[in-house]
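The values are calculated or read from the model by the stated rules, or taken from the named source; none is laboratory data. As the structure is a prediction and not an experimental result, all values here were calculated from the model. Positions of Cβ are backbone-derived with ideal geometry, glycine not excepted, and every protein chain shown enters the neighbour counts.
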Amino acid sequence: MPPPASRGGAPSGPDVHVGRIVTAVVDEVGDREIILKMVDGRPGVVMRKDVTDVDGDVPQVGATIEVALLAREDPQGRLATSRGWAAKQQSWERIDAALASGELLKVKALKQVKGGLLVDLGQRAFLPASQAFEGSGGDLAELVGVEVEVRVTEADRQRDRVVVSRRDALRKRRRAEERSVFQRLEVGATVTGRVVAMVEFGALVDLAGARGLLHRTEMSWGRVDRLEDFAVPGQELELVVIEVNRSKRRIGLSLRRLSDDPLAKVEEGSIEDATVTRVVDYGVFAELASGAEGLVHLSEMAEGRGYRPEELVAPGEAVRVKVMRVDPKRRRVELSMVQAALASP
């Protein structure tokens, strides 16, 4: 590996500082070589193929280019230079600076190889498959030809080896976005988020950089038997922020609080029409006009003993009930068909 580059004008006198990157002016364009005019007026030369870009174009007469000085003069006394070496030295300067600072670099993924991807950092660098995605299951082929952000994790000039991580860059970017979300979120705000995963106790929702939890108890004012009835991965939901804990990086979300609590409209002692929703061994559940659901215990379904709930009513049947008790904390409503019948004229 050549020594690290230094910068400056063309060398004065016969000594040449090998590897120095200098600016030169194109003086003549030939079929095999390009003649340069150095800052001190001495002639230089660079091979045409060394400065030809991917489109086949070469610098025109009068253009300025940066080249690295080689340790020799050609037979005609011209300073031998290399554009490729200069580019490589410049890329190493950029790589070393990024490794020291942790700066994220934008690179293009060139092709998929065994164990990862080759990316272009002015020279080829290796992006391991384990460092390509924040989670597991990503497809490396989808990144080929795409510009991505990476962090340099290893740089060895002697071995000409550079290793980068996209996962670290994704995490750094996500944490910055997460901090921004936490700074602007307020309890009570209405937000739009996308469901990214279902968990046993609810749904994880992405809020443009930070993840919040929609707990199953906050999906509906009523009974939640199946989470997928209220949220599925990929679905966008409008939600209410009910908790922002910045120290624990926790956001609580609610779907049910977009509407009024149906229990607020239920009054103890009122007599209402209701619809049977479920029949259980100990009674039936019935839904009131407000949307609140209450239990009619078997003992409150009919006078006398010996009846089974399914012998008295069926799901979907309309019944008349009296609200006996409302417990907002435990979210329970006790109903009575017997008392409603006794109260009827």
_Kindly evaluate R124 against the criterion of being charged (D, E, K, R) and either within 28 Å of I65 (Cβ to Cβ) or touching an Asp or Glu at 6+ places or on another chain (Cβ under 7 Å) (or both)._
yes
_Checking S91 against (1) touching a helix residue (DSSP H, G or I) at 6+ places or on another chain (Cβ under 7 Å); (2) closer than 30 Å to A132 by Cα, only one condition comes out false. Which one?_
(1)
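So which residues in segment 144-183 are closer than 17 Å to K111 by Cβ and assigned to a strand (DSSP E or B)? Quick ask: steps written out before the conclusion?
Of segment 144-183, the ones closer than 17 Å to K111 by Cβ are 144-148, 150, 162-164, 166.
The answer is E147, V148, V150, V162, V163, V164.
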*Of these, V46, V29, V58, V25, which one is within 28 Å of R159 (Cα to Cα) and either out of contact with any Phe, Trp or Tyr (no Cβ under 9 Å at 6 or more places or on another chain) or not assigned by TED's automatic domain parsing to the domain that holds V119 (or both)?*
V46
*Sort out which residues of segment 241-275 are under 18 Å from R223 (Cα atoms) and small (G, A, S), and write them in order of number.*
S254, S259, A264, A274
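Quick grid of which residues meet (1) assigned to a loop (DSSP other than H, G, I, E, B); (2) within 30 Å of A197 (Cβ to Cβ):
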| position | (1), (2) |
| --- | --- |
| V54 | yes, no |
| P59 | yes, no |
| A68 | no, no |
| P75 | yes, no |
| Q89 | no, no |
| E93 | no, no |
| A98 | no, no |
| K111 | no, no |
| L127 | no, yes |
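Looking at G188, G193, G212, which one is in contact (Cβ under 8 Å) with a residue 40 or more places away in the chain and outside any strand (DSSP E or B)?
Details: G193 fails: outside any strand (DSSP E or B); G212 fails: outside any strand (DSSP E or B).
Answer to the selection: G188.
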*Please list, ordered by first then second residue, the pairs with beta carbon atoms under 7 Å, 6 or more apart or interchain, first in segment 274-301 and within 19 Å of V326 (Cβ to Cβ), second of a type in the set (S, T, N, Q) and in a strand (DSSP E or B).*
F285/T277; A286/T275; A286/T277; E287/T275; E287/T277; E293/T277; V296/S336; E300/S336
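Does P233 count as outside the structural domain of L207 (by TED's automatic domain parsing) and under 44 Å from the mean Cα position of the chain (by Cα)? Spell out the reasoning first.
Details: outside the structural domain of L207 (by TED's automatic domain parsing): no; under 44 Å from the mean Cα position of the chain (by Cα): yes.
Judged against the criteria, P233 is not a match.
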*Residues located in segment 215-230, provided they are in a loop (DSSP other than H, G, I, E, B) and either under 22 Å from S290 (Cβ atoms) or within 19 Å of the chain's Cα centre (by Cα) (or both)*: M219, S220, W221, G222, R223, V224, D225, F230
_Selection within segment 79-119 - within 11 Å of V150 (Cβ to Cβ) and surrounded by fewer than 16 Cβ atoms within 10 Å (Cβ to Cβ)_ = E103, K106, K108
*From (1) over 30 Å from F285 (Cβ atoms); (2) not assigned by TED's automatic domain parsing to the domain that holds V113; (3) not in a strand (DSSP E or B), pick out the condition that doesn't hold for A141.*
(2)
_Filtered residues of segment 21-36 (kept if outside any loop (DSSP other than H, G, I, E, B) and farther than 13 Å from Q60 by Cα)_ = I21, V22, T23
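Check every one of the strands (runs of 3 or more DSSP E) wholly within segment 258-345 and list those with 2 or more residues that are buried (at least 17 other Cβ atoms within 10 Å of the Cβ) and small (G, A, S). Lay out the reasoning, then the answer.
Numbers: elements: 271-280, 283-288, 293-297, 318-327, 332-336.
Hits in segment 258-345: 283-288.
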*Would you be able to say whether some residue in segment 225-233 is aliphatic (A, V, I, L, M) and surrounded by fewer than 16 Cβ atoms within 10 Å (Cβ to Cβ)?*
yes
*What is the number of the single condition among (1) surrounded by 15 or more Cβ atoms within 10 Å (Cβ to Cβ); (2) over 17 Å from the mean Cα position of the chain (by Cα); (3) under 14 Å from S254 (Cα atoms); (4) not aromatic (F, W, Y) that L207 does not meet?*
(2)
